[in-house]
Amino acid sequence: MKKLKWTKVESSIFKIISYIAAATTALTLIYILGNITVQAMPSLTWEYVLTSESDHMELGAGIANAIVGSLLLSLGSTILAAPLAVGTAIYVKRYSRGGKIIDGFSFFIDVLSGTPSIVLGIFGLYILVFLMRGITGGFSLISGTIALAILILPVIERATENAIDAVPAELEEASYALGASKMETLFKITLPCAISGILTGIVIGVGRAAEESAVVVLTAGYSQFMPELKIGSNPSNVFGLKIYPLQDLVGTLPICVYRSFEFPNMVSPSQGFAAAFVLILIVITINSIARFIAWRRRIG
């Protein structure tokens with residue numbers, strides 16, 4: 001009887017601690033978002049959001065160029081990383097025979113997932129910006145895209161593995177029993193069942209790339225101008241051409257936030273908070289899409 005009472009007391013204490021932790025987390029998040037919103041309001045106007053920095057005489061007076069640049073980098077890196085990540089996960093889960101090689105490969109995926117972004121940024125700076133300058137154009141959209149693709153590849157790969165693991169084995173066994181090949185089972189049973197989880201991982205990858213700053217500042221640089229679609233000349237590049245915007249500098253929202261505090265005499269803190277507010281809004285939208293996909297998956 002005493003043991004039962006003590007168990008109830010332990011359960012009550014654990015619940016109280018859990019409630020306090022959840023409330024603290026929620027209140028901290030509300031405070032941060034509320035503070036950013038209040039600080040951003042003086043500068044958060046449609047003109048600030050819809051015009052580029054080059055349209056104004058004042059530094060940091062517009063972020064349209066940064067919004068477009070962030071979207072190009074995040075979407076481009078995801079398009080580059082998704083096929084590699086999904087293909088790797090399919091091979092590991094459905095075609096490999098296991099063993100030490102696959103275990104070692106999975107270990108390296110985990111290491112890449114835990115590598116600090118600043119390390120990947122330095123790698124991109126040395127390889128993509130300096131050694132491959134003739135191809136990438138140095139600090140450019142394509143350098144940032146490749147570096148971010150390396151950063152988010154483990155995220156999408158692990159999400160795809162988990163989605164494939166969640167496919168009921170009975171469905172695949174029934175497909176084999178009916179005479180379907182491994183390829184037919186993969187494309188008609190496994191991937192359709194796992195598609196929601198795969199899409200969730202891809203959307204999370206987009207959000208991860210959109211909020212990254214260390215990799216971007218070391219590979220993509222920054223530009224005050226809107227990205228352009230054209231071809232120019234540059235003798236230092238391969239074939240003497242410069243392809244815009246791939247081989248050109250590109251602005252991003254995390255760098256806008258950073259510059260407002262690096263140069264407080266030139267960019268007001270309110271403008272930095274406004275850029276942060278827009279970035280948070282984009283990330284929340286992307287994460288909401290991922291949540292919606294996961295919810296639809298559970299309903300299915």
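In the distance distribution for region 85-166, Cα-Cα pairs more than 15 Å apart total 62 percent.
Given R₀ = 35 Å, what would the calculated FRET efficiency be for Gln224 paired with Phe187, taking r from the Cβ atoms and rounding to 0.05? It comes out at approximately 0.15.
The modelled label-to-label distance between Ala180 and Asp103, using points 7 Å beyond Cα along the C-beta direction, is 3.2 nm.
Taking a point 7 Å out from the Cα of Val111 in the direction of its Cβ, the residues of region 80-104 whose backbone N falls within less than 11 Å of it are 104.
Considering only Ile135, Ile118, Thr78, the residue lying farthest towards the positive end of the dipole of region 77-167 is Ile135, judged by Cα position with unit charges set on Cβ.
Per-residue ellipticity at 222 nm, computed for the chain from helices alone with -39500 (n - 2.57) per DSSP H run of at least four residues, works out to -22500 deg cm²/dmol. Around the amide H of Lys242, modelled in the peptide plane, lie the amide H atoms of Gly232, Ser233, Asn234, all under 5 Å away and 5 or more residues distant in sequence or on another chain. Based on alpha-carbon atoms, the Kirkwood radius and the radius of gyration of region 1-139 give Rg/Rh equal to 1.17. As a ratio to 2.2 N^0.38 Å, the alpha-carbon radius of gyration computed for the chain takes the value 1.23. About its Cα centre, the dipole of the chain is roughly 1180 debye, where the only charges are +1 on Lys and Arg Cβ and -1 on Asp and Glu Cβ. Kirkwood radius and radius of gyration were both taken over the C-alpha atoms of region 124-202, and their ratio Rg/Rh is 1.27.
Rule-based calculations on the coordinates, nothing more; no lab input. Everything numeric in this text was worked out from a predicted model, so none of it was measured. Here the Cβ is made from the backbone with ideal geometry for all residues, glycine too, and neighbour counts use every protein chain on show.
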